[in-house]
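Quick notes on the structure that follows.
Only the coordinates and a few stated rules stand behind these numbers; no lab work does. Every value quoted in this text rests on a predicted model; they were computed, and no experiment measured them. Glycine gets a Cβ as well: all are built from the backbone with ideal geometry, and neighbour counts include every protein chain shown.
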Amino acid sequence: MYTSKEIQLAEDIAEALHDPEALSLYLSYTQQIPHEKLRELLAKVCSIPDEKIKRTRGALFTYLVGQYKRHGKQW
């Protein structure tokens, strides 16, 4: 089960990225990655101008999470 903090964080991510369909994915991230790092990645994605986003903000966020998972603390 997910904690209320994990649920809230996943909902915050889904809302910020306008991507409610991916809520379950974001919930899974809350158990795999430190919450501070997820918020840092979210802030980074949200700070990028729309014209610089090639696909969607959700896709970029997922990509960055994947990079963090591969490279961990070195990244």
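Summary of values
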read-out	value
The stretch 28-53, residues that are part of a helix (DSSP H, G or I), closer than 21 Å to G72 by Cβ and in contact (Cβ under 8 Å) with a residue 24 or more places away in the chain	Y29, T30, Q31, Q32, H35, K37, L38, R39, L41, L42, V45
Scope the stretch 9-27; condition more than 20 Å from Y68 (Cβ to Cβ), in a helix (DSSP H, G or I) and in contact with a helix residue (DSSP H, G or I) (Cβ under 9 Å, 6 or more places away or on another chain); matching residues	E11, P20, E21
Among (1) of a type in the set (A, V, I, L, M, F, W, C); (2) without any contact (Cβ under 8 Å) to a residue 40 or more places away in the chain; (3) crowded, with 17+ Cβ neighbours inside 10 Å, the one test that A22 misses	(2)
Options A59, A43, A14; residue that is out of contact with any Ser or Thr (no Cβ under 9 Å at 6 or more places or on another chain), small (G, A, S) and crowded, with 17+ Cβ neighbours inside 10 Å	A14
